[in-house]
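A short reminder: the numbers here are calculations on the coordinates, not readings from a lab. Here the structure is a predicted model, which is why all the values come from computation and not from measurement. Note: ideal-geometry Cβ built from the backbone for every residue, glycine included; neighbour counts use all protein chains shown.
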Amino acid sequence: MESGETVFAQIIQNAPRYEFNRCVLRYRGNHWVKRFSCWTQFLCMVFAQLTSRKGLRDIETGLNAHHEKLYRAGFRGKVARSTLADANEQRDFRIYQDFGLLLIGIAQKLYQDEDLGLELAQSVYALDSTTIDLCLALFPWATFRETKAAVKVHTLLDLKGSIPVFLNITTGKVNDVNILDDLPVPAGAIVVMDRGYLDFKRWYALHTKAVFFVTRAKSNFKFRRRCSRSVDKSLGLRCDQTIKLVTKKSLEGYPDLLRRISYVDQETGKKYVFLTNNFDLPAKTIADIYKQRWQIELFFKWLKQHLRIKAFYGTSANAVKTQIWIDVSAYLLMAITKKRLKLDCSLYTFLNIVEVAIFEKKPIFQLVSGALKQDSPPPAGKQLNLFSY
């Protein structure tokens, strides 16, 4: 049965158009624009991400091959690679940044009851960055090394649903620890990070804001033990200590007590030493929380492999930031659609199905059920609405 709307149009229905227009007005994105609006630019770029287009010419050809379906999907005006290139270079990336932040809020509400597998009342976030290497000749503004350019995407990921709640796009030279100064984490939440974020002064700033952190200690870490708690060694735990820093610089940065937990992963045999300012949770729970940090590695891998984040359609800082924010928006739209339709498949599988059926006129639930050979619900007449609520 045909739904009357293409798969692409059904996904785009999850993008609130009124809020998008408010973002455009905020930065005068459509000022003096007659045909190729910011919305059409956004649709072109989302199409490029969801179908892995290799360049501007590929986007133009792919869309014009379905020109009779573009109007119903929201496209207005002729799609040309030169027009799209100019839009990416000239239109303020903050339009798409603000809209991406709005989609983050929608996705967070949908995934707020997602089960982490941990009995925790508070939210858990993972903090990390991914570096995207660039050609220095084409991206001279993206300073990194003498012979190489790069940008960093610093990300704070809500582990419930793997939703990126904060992104900061910088040049490759910016140190990861600087991001701790502007981290939007609510009091009582837990932030998981690796050893690259070791900065005692910034940790103490989080501590004074009632934010908990879980990280790994470096091998040359110096401390003095204050007391120890008993541990169940059958769970892989080796020690659970209350410690105090001893060197002058570290003690000035973090004058309070810390908790040190030694743990051996029973599957790999690898030893870990964790540091945290949370003294209430069981030691094994702290170890399990750190294991969840790998979700952010999977998120970066997903973005780089399945969205066009490693090859850019423009070379200016504005074009790169525009593309990254629309990449993230495409990810969020897929996550929102998957959750609202209660699709029983991974986001990766959902993207693969959408990629080959982007302009088919079939309900998404029916399309996914057929691809996975599942029973789909009987059609409810000639209903064209995506959701029933």
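A compact table of results
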{"quantity": "The chain: calculated mean residue ellipticity at 222 nm from DSSP helix runs of at least 4, using -39500 (n - 2.57)", "calculated": "-11500 deg cm²/dmol"}
{"quantity": "Rounded to 5, percent antiparallel among DSSP beta bridges of the chain", "calculated": "85"}
{"quantity": "Within the stretch 117-170, chymotrypsin sites (Phe, Trp or Tyr not before Pro) in DSSP loop having at most 16 other beta-carbon neighbours inside 10 Å", "calculated": "Trp141"}
{"quantity": "Potential lengthening between Tyr71 and Lys54 on full extension [0.36 nm per residue; Cα-Cα distance subtracted]", "calculated": "3.8 nm"}
{"quantity": "Those aspartates and glutamates that a straight Cα-Cα span of less than 20 Å connects to Lys270, excepting residues fewer than 8 apart in one chain", "calculated": "Asp194, Asp232, Asp240, Asp288, Glu297"}
{"quantity": "Difference of contour (0.36 nm per residue) and Cα-Cα distance, Phe279 to Asp265", "calculated": "2.9 nm"}
{"quantity": "Neighbour-limited loop hits for trypsin sites (Lys or Arg not before Pro), the stretch 1-102 (at most 14 other Cβ within 10 Å; DSSP other than H, G, I, E, B)", "calculated": "Arg28, Lys34, Arg35, Lys54, Arg72, Arg76, Lys78"}
{"quantity": "Of [x] 22.5; [y] 19.5; [z] 16.7, the label for mean projected area of the Cα convex hull in nm² derived from the coordinates", "calculated": "[x]"}
{"quantity": "Of Lys342/Lys362; Lys69/Lys362; Lys173/Lys271, those spanning more than 23 Å from alpha-carbon to alpha-carbon", "calculated": "Lys173/Lys271"}
{"quantity": "Partner lysines for Lys339 [C-alpha distance under 17 Å; skip if fewer than 8 residues away on the same chain]", "calculated": "Lys109, Lys160"}
{"quantity": "Ranked Ser316, Ser346, criterion: other C-beta atoms within 10 Å, fewest first", "calculated": "Ser346, Ser316"}
{"quantity": "Residues of type aspartates and glutamates that Lys304 reaches as a straight line, Cα spacing below 18 Å, ignoring anything fewer than 8 places off in the same chain", "calculated": "Asp128, Asp133, Asp327, Glu355"}
{"quantity": "Loop-resident sites, the stretch 250-339, for trypsin sites (Lys or Arg not before Pro), counting at most 12 other Cβ within 10 Å (DSSP)", "calculated": "Lys270, Lys310"}
{"quantity": "Ile163 long-range amide H proximity, modeled H, under 5 Å", "calculated": "Asp158"}
{"quantity": "Environment charge of Asn64, counting only residues whose C-beta is closer than 12 Å and scoring Lys/Arg +1, Asp/Glu -1", "calculated": "+1"}
{"quantity": "On Cα atoms only, tilt of 347-356 relative to the major axis of the chain in degrees", "calculated": "20"}
{"quantity": "Mean Cα-pair separation over length for the chain, i.e. relative contact order, pairs under 8 Å, 6 or more apart, %", "calculated": "23"}
{"quantity": "Long-range HN-HN contacts of Ala189 with modeled amide H, under 5 Å", "calculated": "Phe212"}
{"quantity": "The stretch 28-59-the stretch 334-363 distance, computed between alpha-carbon centres (Å)", "calculated": "21"}
